[in-house]
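Structure provided below as structure tokens; questions to follow.
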Amino acid sequence: MLEVKSFPHLIEEKIFPGNSLCVTNNGSVGCAFYQPIPFTCSHDVNPLYFLDGDINVFNALFVATVIEMDKYRWAYGRKWRPERMVKSTIRLPAKLVAGEYIPDWDAMEKYIKDLPYNKTI
């Protein structure tokens, strides 16, 4: 006989803020997508937030694509779990500012905006 148990947690306690990149860590490991609005997800998805919190859809889509292109690294028993995520490097276009390399968000945004069919984003 199968017994279904309900969990005492309210759905409101499982809502993540929007403006996030979500990356799967089980199943299709490394699939990445942008989530603009508050959402809920299973433990098979890791929401990632940018440190400065100020990211737009164009930058997020660029980073999601870079993550997707590296997903081959996380196959066959090397799942991209949070422990590995914090140690990983995501290579992005950078510019030199005051002697330090920082992500070139303007170049990434321009690249996405220059793509064909960008009006459908």
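The values are calculated or read from the model by the stated rules, or taken from the named source; none is laboratory data. Predicted, not measured: the structure shown is a model, and the values here were computed from it. Note that each Cβ is placed from the backbone with ideal geometry, even for glycine, and that neighbours are counted across all protein chains shown. In case anyone asks, the SASA skips ligands and DNA or RNA and just uses the protein heavy atoms, side chains included. Shrake-Rupley method; radii C 1.70, N 1.55, O 1.52, S 1.80 Å.
Find out how many positive minus negative residues lie around residue 30, taking Lys and Arg as positive, Asp and Glu as negative, among other residues whose Cβ is under 13 Å from that of residue 30. Let's see the in-between values first.
Values: positive: 71, 73, 78, 79, 81, 84; negative: 44, 68, 70.
Result for the local shell: +3.
Using a cut-off of 27 Å between alpha-carbon atoms, which lysines can reach residue 110, once sequence neighbours fewer than 8 places away in the same chain are excluded?
71, 95, 119
Separate question: For the range 29-101, with only Lys/Arg (+1) and Asp/Glu (-1) charged at the beta-carbon, what is the dipole magnitude about the Cα centre, in debye rounded to 20?
Working: 9 positive and 7 negative charges, 81 e Å.
Dipole of the range 29-101, to the nearest 20 debye: 380 debye.
Once you treat every alpha carbon in the range 12-61 as an equal point and sum by Debye, what is log10 I(q)/I(0) at q = 0.23, 0.25, 0.26, 0.32 Å⁻¹?
Computed log10 I(q)/I(0) values: -0.85, -0.96, -1.02, -1.26.
Right, here's the next one. How long, wide and thick is the chain, going by the Cα atoms along their three principal axes, in whole angstroms, largest first?
63, 32, 32
Also: I need the phi-derived Karplus couplings for the range 83-92: 6.51 cos²θ - 1.76 cosθ + 1.60, θ = phi - 60°, integer Hz, Gly and Pro marked x.
For the range 83-92, the Karplus curve yields 4, 7, 4, 5, 9, 8, 10, 9, 7, 10 Hz.
What does the charge count near residue 121 come to, summing +1 for each Lys or Arg and -1 for each Asp or Glu among other residues with Cβ under 15 Å from its Cβ?
Computed value for this residue: +1.
In Å², and per residue, what accessible area does the chain have when probed at 1.4 Å with the other protein chains present?
Details: 9030 Å² over 121 residues.
Per-residue accessible area for the chain comes out at 75 Å².
Continuing with this model, one more query. Carbon and sulfur: what percent of the range 29-121's accessible surface (1.4 Å probe)? The partial results should precede the final answer.
On the way: 3940 of 6670 Å².
Answer for the range 29-121 is 59 percent, counting heavy atoms of protein chains only.
Here's a follow-up. Scan the chain and hand back the longest stretch that contains none of the chymotrypsin sites (Phe, Trp or Tyr not before Pro) lying in DSSP loops with at most 16 other Cβ atoms within 10 Å. Write down the numbers at each step before the final one.
Numbers: sites that count: 49, 50, 76, 117.
With a cap of 16 other Cβ atoms within 10 Å, the longest stretch comes to 1-48.
Choose one of 94, 72, 62: the residue whose Cα lies farthest towards the positive end of the charge dipole of the chain (beta-carbon charges +1 Lys, Arg; -1 Asp, Glu; about the Cα centre).
Going by the Cα projections, it comes out as 72.
Would you compute, from DSSP H runs of 4+ residues alone, the mean residue ellipticity of the chain at 222 nm, taking -39500 (n - 2.57) per run and dividing by the full residue count, rounded to the nearest 500? Please list the in-between numbers first.
Working: 3 runs with 26 residues, N = 121.
My calculation for the chain gives -6000 deg cm²/dmol from helical runs alone.
To continue, here is another question. Using DSSP to define loop residues, name the trypsin sites (Lys or Arg not before Pro) in the range 23-121 whose beta-carbon has at most 10 other beta-carbon atoms within 10 Å.
Values: sites: 71, 73, 78, 79, 84, 87, 91, 95, 110, 113, 119; in loops: 78, 79, 87, 91.
The qualifying sites are 78, 87, 91.
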